[in-house]
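A short write-up of the structure that comes next.
The values are calculated or read from the model by the stated rules, or taken from the named source; none is laboratory data. Since the structure is predicted, the reported quantities are computational estimates derived from the model, not experimental observations. Counting neighbours? That spans all protein chains shown, and the Cβs are built from the backbone with ideal geometry, glycine included.
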Amino acid sequence: MEVDHYQSFSIINDLEKISVLEFSIQNICNELLTESFVGTICLISANTYALILSFNHLRSTKKRIDYITQIISHIKAALKKFLNISVSFSIGSSCSSVEELRESFKLANKSRKNKFYSTSDSLIIDASVTTHNEAITGLSSELEKKLVQNLTLGDSRLVISVLSEIFADINERKLIPNDAQMIFNDMVSMITRFCKSENLDYDTIYYNKIYPRYMIHQFETLKEIHHWFYHTFCNLVEQLNVAKEDTTSPYVKEAITLIKKNYSRNISQSELAQQIGISSNYLSSLFKSDLQIGFTEYLTNYRLSKAKMLIENGNKNFHEIVSECGFYNYNYFFKLFKKKVGMTPKEYANSLHMR
(Lines give C-alpha, C1' and ligand atoms only; values in the text may rest on other atoms or scores of the structure.)
Protein backbone atom coordinates (compact mmCIF):
# COMPACT_ATOMS: atom_id res chain seq x y z
CA MET A 1 0.00 0.00 0.00
CA GLU A 2 1.18 3.55 -0.70
CA VAL A 3 -0.23 7.03 -0.16
CA ASP A 4 -1.11 8.82 -3.38
CA HIS A 5 0.89 12.01 -4.03
CA TYR A 6 3.10 11.33 -1.04
CA GLN A 7 6.03 13.25 -2.55
CA SER A 8 4.00 16.46 -2.62
CA PHE A 9 3.02 15.95 1.01
CA SER A 10 6.61 15.25 2.11
CA ILE A 11 7.91 18.39 0.37
CA ILE A 12 5.55 20.83 2.06
CA ASN A 13 5.54 19.18 5.52
CA ASP A 14 8.23 18.66 8.13
CA LEU A 15 9.43 15.35 9.56
CA GLU A 16 7.11 15.55 12.55
CA LYS A 17 3.98 15.80 10.39
CA ILE A 18 5.22 12.96 8.17
CA SER A 19 5.77 10.82 11.27
CA VAL A 20 2.28 11.63 12.53
CA LEU A 21 0.82 10.62 9.18
CA GLU A 22 2.71 7.32 9.18
CA PHE A 23 1.63 6.55 12.74
CA SER A 24 -2.00 7.46 12.01
CA ILE A 25 -2.11 5.26 8.91
CA GLN A 26 -0.78 2.25 10.79
CA ASN A 27 -3.05 2.88 13.76
CA ILE A 28 -6.23 3.16 11.65
CA CYS A 29 -5.34 0.12 9.53
CA ASN A 30 -4.41 -2.02 12.53
CA GLU A 31 -7.68 -1.19 14.27
CA LEU A 32 -9.63 -2.27 11.23
CA LEU A 33 -7.54 -5.39 10.69
CA THR A 34 -7.76 -6.58 14.30
CA GLU A 35 -11.40 -5.68 14.94
CA SER A 36 -13.06 -6.95 11.79
CA PHE A 37 -10.46 -9.02 9.98
CA VAL A 38 -7.33 -11.07 10.66
CA GLY A 39 -4.15 -9.25 9.67
CA THR A 40 -1.54 -6.60 10.41
CA ILE A 41 0.28 -3.70 8.75
CA CYS A 42 3.89 -2.51 8.93
CA LEU A 43 5.89 0.33 7.40
CA ILE A 44 8.59 -1.09 5.11
CA SER A 45 10.10 2.17 3.86
CA ALA A 46 8.99 5.72 3.08
CA ASN A 47 5.42 5.42 1.79
CA THR A 48 5.58 1.63 1.39
CA TYR A 49 3.36 -0.38 3.73
CA ALA A 50 2.91 -4.13 3.81
CA LEU A 51 -0.43 -5.61 4.81
CA ILE A 52 -0.34 -9.28 5.79
CA LEU A 53 -3.74 -10.97 5.84
CA SER A 54 -4.86 -14.39 6.97
CA PHE A 55 -7.72 -16.17 5.24
CA ASN A 56 -7.12 -19.77 6.22
CA HIS A 57 -10.87 -20.19 6.55
CA LEU A 58 -11.41 -19.34 2.86
CA ARG A 59 -10.59 -21.99 0.28
CA SER A 60 -11.87 -20.66 -3.04
CA THR A 61 -9.90 -18.01 -4.95
CA LYS A 62 -13.02 -15.95 -5.59
CA LYS A 63 -13.90 -15.75 -1.90
CA ARG A 64 -10.34 -14.72 -1.08
CA ILE A 65 -10.40 -11.95 -3.70
CA ASP A 66 -13.78 -10.75 -2.41
CA TYR A 67 -12.38 -10.80 1.13
CA ILE A 68 -9.29 -8.76 0.12
CA THR A 69 -11.43 -6.29 -1.84
CA GLN A 70 -13.69 -5.81 1.19
CA ILE A 71 -10.71 -5.12 3.48
CA ILE A 72 -9.18 -2.65 1.02
CA SER A 73 -12.53 -0.87 0.61
CA HIS A 74 -12.81 -0.42 4.41
CA ILE A 75 -9.22 0.88 4.68
CA LYS A 76 -9.65 3.34 1.80
CA ALA A 77 -12.86 4.70 3.28
CA ALA A 78 -11.36 5.10 6.76
CA LEU A 79 -8.18 6.83 5.56
CA LYS A 80 -10.21 9.17 3.37
CA LYS A 81 -12.59 9.99 6.23
CA PHE A 82 -10.06 10.52 9.02
CA LEU A 83 -6.91 11.66 7.18
CA ASN A 84 -8.34 12.90 3.86
CA ILE A 85 -5.85 10.85 1.84
CA SER A 86 -6.24 8.30 -0.93
CA VAL A 87 -4.12 5.17 -1.17
CA SER A 88 -3.24 2.63 -3.84
CA PHE A 89 -2.81 -1.09 -3.39
CA SER A 90 -0.98 -3.86 -5.22
CA ILE A 91 -1.48 -7.50 -4.33
CA GLY A 92 1.07 -10.29 -4.09
CA SER A 93 0.47 -14.02 -4.24
CA SER A 94 -1.09 -16.20 -1.55
CA CYS A 95 1.41 -17.83 0.81
CA SER A 96 1.18 -21.20 2.50
CA SER A 97 4.09 -20.43 4.83
CA VAL A 98 5.98 -17.48 6.33
CA GLU A 99 9.00 -18.27 4.15
CA GLU A 100 6.99 -17.35 1.03
CA LEU A 101 6.17 -13.82 2.24
CA ARG A 102 9.33 -12.27 0.75
CA GLU A 103 8.49 -13.45 -2.79
CA SER A 104 4.86 -12.39 -2.38
CA PHE A 105 5.99 -8.89 -1.36
CA LYS A 106 8.35 -8.73 -4.36
CA LEU A 107 5.44 -9.55 -6.65
CA ALA A 108 3.25 -6.87 -5.06
CA ASN A 109 6.08 -4.35 -5.30
CA LYS A 110 6.55 -5.17 -8.98
CA SER A 111 2.83 -4.63 -9.57
CA ARG A 112 3.03 -1.29 -7.73
CA LYS A 113 5.47 0.04 -10.33
CA ASN A 114 2.70 -0.24 -12.93
CA LYS A 115 0.79 2.55 -11.19
CA PHE A 116 2.20 5.00 -13.75
CA TYR A 117 -0.10 3.38 -16.30
CA SER A 118 -2.99 3.05 -13.87
CA THR A 119 -4.69 5.72 -11.74
CA SER A 120 -4.41 7.10 -8.23
CA ASP A 121 -6.56 5.29 -5.66
CA SER A 122 -5.96 2.11 -7.67
CA LEU A 123 -5.95 -1.60 -6.94
CA ILE A 124 -3.32 -3.42 -9.00
CA ILE A 125 -3.57 -7.19 -8.94
CA ASP A 126 -1.71 -8.19 -12.11
CA ALA A 127 2.05 -7.68 -12.45
CA SER A 128 2.03 -8.77 -16.07
CA VAL A 129 2.05 -5.23 -17.47
CA THR A 130 5.72 -4.66 -18.19
CA THR A 131 7.42 -1.38 -18.99
CA HIS A 132 10.02 -1.15 -21.71
CA ASN A 133 13.37 0.55 -21.65
CA GLU A 134 13.88 1.79 -25.21
CA ALA A 135 16.45 4.05 -26.86
CA ILE A 136 14.31 7.18 -26.42
CA THR A 137 15.84 10.56 -27.16
CA GLY A 138 12.67 12.58 -26.63
CA LEU A 139 9.74 13.68 -28.76
CA SER A 140 9.97 12.50 -32.37
CA SER A 141 10.79 15.20 -34.93
CA GLU A 142 7.57 14.43 -36.83
CA LEU A 143 5.31 14.91 -33.79
CA GLU A 144 7.29 17.96 -32.70
CA LYS A 145 6.80 19.56 -36.11
CA LYS A 146 3.06 18.85 -36.07
CA LEU A 147 2.70 20.29 -32.59
CA VAL A 148 4.63 23.47 -33.51
CA GLN A 149 2.60 23.94 -36.70
CA ASN A 150 -0.72 23.58 -34.91
CA LEU A 151 0.35 25.92 -32.11
CA THR A 152 1.34 28.45 -34.76
CA LEU A 153 -2.00 27.95 -36.46
CA GLY A 154 -3.70 28.57 -33.12
CA ASP A 155 -6.06 25.60 -33.46
CA SER A 156 -6.60 23.95 -30.08
CA ARG A 157 -8.40 20.95 -31.63
CA LEU A 158 -5.38 20.04 -33.73
CA VAL A 159 -3.03 20.59 -30.78
CA ILE A 160 -5.16 18.34 -28.57
CA SER A 161 -5.21 15.71 -31.31
CA VAL A 162 -1.40 15.62 -31.47
CA LEU A 163 -1.21 15.43 -27.67
CA SER A 164 -3.57 12.45 -27.70
CA GLU A 165 -1.34 10.82 -30.30
CA ILE A 166 1.77 11.39 -28.16
CA PHE A 167 0.24 9.98 -24.98
CA ALA A 168 -1.39 7.07 -26.78
CA ASP A 169 2.04 6.15 -28.15
CA ILE A 170 3.64 6.32 -24.68
CA ASN A 171 0.87 4.16 -23.24
CA GLU A 172 1.05 1.64 -26.08
CA ARG A 173 4.82 1.22 -25.77
CA LYS A 174 4.68 1.22 -21.95
CA LEU A 175 7.82 3.34 -21.66
CA ILE A 176 9.51 3.46 -18.30
CA PRO A 177 8.77 6.80 -16.54
CA ASN A 178 12.32 8.12 -17.12
CA ASP A 179 12.02 7.63 -20.88
CA ALA A 180 8.56 9.20 -20.90
CA GLN A 181 10.04 12.11 -18.93
CA MET A 182 12.37 12.89 -21.86
CA ILE A 183 9.32 13.37 -24.08
CA PHE A 184 7.65 15.54 -21.44
CA ASN A 185 10.82 17.66 -21.19
CA ASP A 186 10.73 18.33 -24.94
CA MET A 187 7.10 19.46 -24.73
CA VAL A 188 7.90 21.73 -21.78
CA SER A 189 10.81 23.21 -23.76
CA MET A 190 8.43 23.92 -26.62
CA ILE A 191 6.02 25.69 -24.27
CA THR A 192 8.92 27.74 -22.90
CA ARG A 193 10.07 28.77 -26.41
CA PHE A 194 6.60 30.00 -27.36
CA CYS A 195 6.20 31.85 -24.06
CA LYS A 196 9.55 33.60 -24.48
CA SER A 197 8.97 34.51 -28.13
CA GLU A 198 5.57 36.06 -27.33
CA ASN A 199 6.53 37.36 -23.86
CA LEU A 200 3.71 35.40 -22.22
CA ASP A 201 3.20 35.15 -18.46
CA TYR A 202 3.89 31.58 -17.35
CA ASP A 203 1.25 31.86 -14.62
CA THR A 204 -1.42 32.17 -17.33
CA ILE A 205 -0.06 29.13 -19.18
CA TYR A 206 0.78 26.41 -16.66
CA TYR A 207 -2.35 24.61 -15.51
CA ASN A 208 -3.25 25.48 -11.91
CA LYS A 209 0.08 27.36 -11.82
CA ILE A 210 1.89 24.03 -11.38
CA TYR A 211 5.33 24.62 -12.89
CA PRO A 212 7.08 21.75 -14.70
CA ARG A 213 9.79 21.41 -12.06
CA TYR A 214 7.09 20.49 -9.54
CA MET A 215 5.13 18.29 -11.93
CA ILE A 216 7.08 15.13 -11.11
CA HIS A 217 6.19 15.58 -7.44
CA GLN A 218 2.54 16.40 -8.11
CA PHE A 219 1.66 13.66 -10.59
CA GLU A 220 2.15 9.92 -10.31
CA THR A 221 0.26 8.59 -13.34
CA LEU A 222 0.35 9.11 -17.10
CA LYS A 223 -3.30 10.17 -16.99
CA GLU A 224 -2.54 13.00 -14.55
CA ILE A 225 0.38 14.22 -16.66
CA HIS A 226 -1.75 14.11 -19.82
CA HIS A 227 -4.41 16.15 -18.02
CA TRP A 228 -1.83 18.80 -17.07
CA PHE A 229 -0.41 19.05 -20.59
CA TYR A 230 -3.92 19.15 -22.10
CA HIS A 231 -4.94 22.22 -20.09
CA THR A 232 -1.50 23.85 -20.32
CA PHE A 233 -1.47 23.62 -24.13
CA CYS A 234 -5.06 24.88 -24.30
CA ASN A 235 -4.01 27.90 -22.21
CA LEU A 236 -1.00 28.40 -24.49
CA VAL A 237 -3.12 28.36 -27.66
CA GLU A 238 -5.54 30.85 -26.11
CA GLN A 239 -2.76 33.25 -25.08
CA LEU A 240 -1.00 32.89 -28.44
CA ASN A 241 -4.20 33.82 -30.24
CA VAL A 242 -4.63 36.85 -28.00
CA ALA A 243 -1.03 37.89 -28.75
CA LYS A 244 -1.61 37.44 -32.50
CA GLU A 245 -4.59 39.77 -32.38
CA ASP A 246 -2.31 42.47 -31.01
CA THR A 247 0.53 42.01 -33.50
CA THR A 248 -1.02 40.58 -36.66
CA SER A 249 -1.28 42.88 -39.67
CA PRO A 250 -4.84 44.06 -40.44
CA TYR A 251 -4.39 42.54 -43.91
CA VAL A 252 -3.66 39.12 -42.42
CA LYS A 253 -6.63 39.45 -40.05
CA GLU A 254 -8.87 40.25 -43.00
CA ALA A 255 -7.46 37.32 -44.99
CA ILE A 256 -8.10 34.92 -42.08
CA THR A 257 -11.68 36.19 -41.81
CA LEU A 258 -12.18 35.53 -45.53
CA ILE A 259 -10.62 32.05 -45.20
CA LYS A 260 -13.03 31.16 -42.40
CA LYS A 261 -15.99 32.33 -44.48
CA ASN A 262 -14.91 30.78 -47.78
CA TYR A 263 -12.71 27.75 -46.99
CA SER A 264 -15.26 25.39 -48.58
CA ARG A 265 -14.79 27.11 -51.96
CA ASN A 266 -11.79 26.82 -54.30
CA ILE A 267 -10.19 30.05 -53.06
CA SER A 268 -6.64 31.15 -53.78
CA GLN A 269 -4.08 33.52 -52.32
CA SER A 270 -4.29 35.85 -55.33
CA GLU A 271 -8.11 36.01 -55.09
CA LEU A 272 -8.07 37.00 -51.42
CA ALA A 273 -5.21 39.46 -51.96
CA GLN A 274 -7.27 41.14 -54.69
CA GLN A 275 -10.31 41.37 -52.39
CA ILE A 276 -8.17 42.93 -49.65
CA GLY A 277 -6.50 45.31 -52.08
CA ILE A 278 -2.84 44.20 -51.90
CA SER A 279 -0.56 42.08 -54.06
CA SER A 280 -0.42 38.29 -53.73
CA ASN A 281 3.32 38.39 -52.93
CA TYR A 282 2.82 40.95 -50.18
CA LEU A 283 0.06 38.88 -48.59
CA SER A 284 2.34 35.83 -48.70
CA SER A 285 5.17 37.70 -46.97
CA LEU A 286 2.77 39.00 -44.30
CA PHE A 287 1.57 35.48 -43.48
CA LYS A 288 5.12 34.23 -43.11
CA SER A 289 6.27 37.18 -41.00
CA ASP A 290 3.15 37.35 -38.77
CA LEU A 291 2.21 33.68 -38.44
CA GLN A 292 5.46 31.88 -39.39
CA ILE A 293 3.42 29.84 -41.88
CA GLY A 294 2.59 30.26 -45.57
CA PHE A 295 -0.88 31.16 -46.85
CA THR A 296 -1.46 27.79 -48.55
CA GLU A 297 -0.38 25.83 -45.49
CA TYR A 298 -2.60 27.94 -43.23
CA LEU A 299 -5.58 27.36 -45.51
CA THR A 300 -4.87 23.62 -45.70
CA ASN A 301 -4.51 23.30 -41.93
CA TYR A 302 -7.73 25.22 -41.37
CA ARG A 303 -9.59 22.96 -43.80
CA LEU A 304 -8.16 19.90 -42.04
CA SER A 305 -9.30 21.21 -38.65
CA LYS A 306 -12.83 21.57 -40.05
CA ALA A 307 -12.63 18.07 -41.57
CA LYS A 308 -11.60 16.61 -38.21
CA MET A 309 -14.47 18.42 -36.54
CA LEU A 310 -16.96 16.92 -39.01
CA ILE A 311 -15.46 13.45 -38.54
CA GLU A 312 -15.79 13.86 -34.76
CA ASN A 313 -19.45 14.89 -35.15
CA GLY A 314 -20.04 11.70 -37.15
CA ASN A 315 -22.99 13.08 -39.13
CA LYS A 316 -21.45 13.08 -42.61
CA ASN A 317 -19.66 10.57 -44.84
CA PHE A 318 -16.14 11.19 -46.13
CA HIS A 319 -17.26 12.34 -49.60
CA GLU A 320 -19.47 15.03 -48.03
CA ILE A 321 -16.66 16.11 -45.71
CA VAL A 322 -14.16 16.38 -48.59
CA SER A 323 -16.57 18.59 -50.52
CA GLU A 324 -17.60 20.79 -47.58
CA CYS A 325 -14.00 21.46 -46.56
CA GLY A 326 -12.87 22.60 -50.00
CA PHE A 327 -10.63 19.68 -50.96
CA TYR A 328 -12.74 18.28 -53.83
CA ASN A 329 -10.15 15.59 -54.69
CA TYR A 330 -11.00 12.57 -52.52
CA ASN A 331 -7.64 10.77 -52.89
CA TYR A 332 -5.66 13.96 -52.27
CA PHE A 333 -7.63 14.57 -49.06
CA PHE A 334 -6.88 11.06 -47.75
CA LYS A 335 -3.15 11.36 -48.51
CA LEU A 336 -2.93 14.83 -46.95
CA PHE A 337 -4.90 13.78 -43.86
CA LYS A 338 -2.62 10.78 -43.37
CA LYS A 339 0.48 12.97 -43.74
CA LYS A 340 -0.68 15.69 -41.35
CA VAL A 341 -2.61 13.71 -38.75
CA GLY A 342 -0.60 10.48 -38.83
CA MET A 343 -3.58 8.26 -39.66
CA THR A 344 -6.22 7.99 -42.38
CA PRO A 345 -9.63 9.66 -41.89
CA LYS A 346 -11.16 6.22 -41.33
CA GLU A 347 -8.53 5.31 -38.73
CA TYR A 348 -9.09 8.67 -37.03
CA ALA A 349 -12.86 8.06 -36.90
CA ASN A 350 -12.27 4.61 -35.40
CA SER A 351 -9.88 6.02 -32.80
CA LEU A 352 -12.62 8.33 -31.51
CA HIS A 353 -14.73 5.34 -30.49
CA MET A 354 -11.81 3.88 -28.53
CA ARG A 355 -11.19 6.95 -26.33
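Here are the numbers for the structure shown:
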{"quantity": "Complete set of residues in region 148-190 that are hydroxyl-bearing (Ser, Thr, Tyr) and surrounded by 16 or more Cβ atoms within 10 Å (Cβ to Cβ)", "calculated": "THR152, SER156, SER161"}
{"quantity": "Close pairs (7 angstrom Cβ cut-off, 6 or more residues apart or separate chains): farther than 21 Å from CYS195 by Cα and at pLDDT below 80 in region 208-222, part of a loop (DSSP other than H, G, I, E, B) and of a type in the set (Asp, Glu) anywhere", "calculated": "GLU220/ASP4"}
{"quantity": "Any chance ASN266 is free of Cβ contacts under 8 Å to residues at least 40 places away in the same chain and surrounded by fewer than 15 Cβ atoms within 10 Å (Cβ to Cβ)", "calculated": "no"}
{"quantity": "Those residues of region 153-181 which are at pLDDT below 85 and under 16 Å from GLU238 (Cα atoms), in sequence order", "calculated": "LEU153, GLY154, ASP155, SER156, ARG157"}
{"quantity": "Test: SER54 is buried (at least 17 other Cβ atoms within 10 Å of the Cβ), polar (S, T, N, Q) and more than 21 Å from ASN114 (Cα to Cα)", "calculated": "no"}
{"quantity": "Unmet requirement for TYR67, which otherwise passes all of (1) within 22 Å of GLU220 (Cα to Cα); (2) surrounded by 11 or more Cβ atoms within 10 Å (Cβ to Cβ); (3) among the hydroxyl-bearing types (Ser, Thr, Tyr)", "calculated": "(1)"}
{"quantity": "Tally, over region 33-51, of residues that are loosely packed, with under 15 Cβ neighbours inside 10 Å, among the aliphatic types (A, V, I, L, M) and in contact with a strand residue (DSSP E or B) (Cβ under 9 Å, 6 or more places away or on another chain)", "calculated": "3"}
{"quantity": "Residue among THR257, THR248 that is out of contact with any Cys (no Cβ under 7 Å at 6 or more places or on another chain), modelled with pLDDT under 85 and either over 25 Å from SER164 (Cβ atoms) or in the same structural domain as TYR298 (by TED's automatic domain parsing) (or both)", "calculated": "THR248"}
{"quantity": "Output for region 66-97, where each listed residue is hydrophobic (A, V, I, L, M, F, W, C) and without any contact (Cβ under 8 Å) to a residue 24 or more places away in the chain", "calculated": "ILE68, ALA77, CYS95"}
{"quantity": "Selection status of THR137, in a loop (DSSP other than H, G, I, E, B) and hydroxyl-bearing (Ser, Thr, Tyr)", "calculated": "yes"}
{"quantity": "Which listed residue is more than 35 Å from the chain's Cα centre (by Cα) and either surrounded by 14 or more Cβ atoms within 10 Å (Cβ to Cβ) or under 24 Å from SER197 (Cβ atoms) (or both), from LEU272, LEU258, LEU240", "calculated": "LEU272"}
{"quantity": "Top-ranked residue in region 195-217 [being crowded, with 18+ Cβ neighbours inside 10 Å and over 20 Å from PHE167 (Cβ atoms); ranked as farthest from the chain's Cα centre (by Cα)]", "calculated": "LEU200"}
{"quantity": "ASN301 farther than 24 Å from ASP186 by Cβ and modelled with pLDDT under 90", "calculated": "no"}
{"quantity": "Qualifying positions in region 259-290 - under 17 Å from ALA307 (Cβ atoms), touching a helix residue (DSSP H, G or I) at 6+ places or on another chain (Cβ under 6 Å) and polar (S, T, N, Q)", "calculated": "SER264"}
{"quantity": "Candidate set from region 6-30 (those that are small (Gly, Ala, Ser) and surrounded by 12 or more Cβ atoms within 10 Å (Cβ to Cβ)); member that is farthest from LYS115 (Cα to Cα)", "calculated": "SER24"}
{"quantity": "Close pairs (6 angstrom Cβ cut-off, 6 or more residues apart or separate chains): part of a helix (DSSP H, G or I) and at pLDDT 70 or above in region 102-121, buried (at least 19 other Cβ atoms within 10 Å of the Cβ) and of a type in the set (Ser, Thr, Tyr) anywhere", "calculated": "ALA108/SER90; SER111/SER90; ARG112/SER90; LYS115/SER88"}
{"quantity": "Residue under evaluation LEU200, criteria (1) within 30 Å of PHE295 (Cα to Cα); (2) assigned to a helix (DSSP H, G or I); (3) not assigned by TED's automatic domain parsing to the domain that holds ASN301, criterion not met", "calculated": "(2)"}
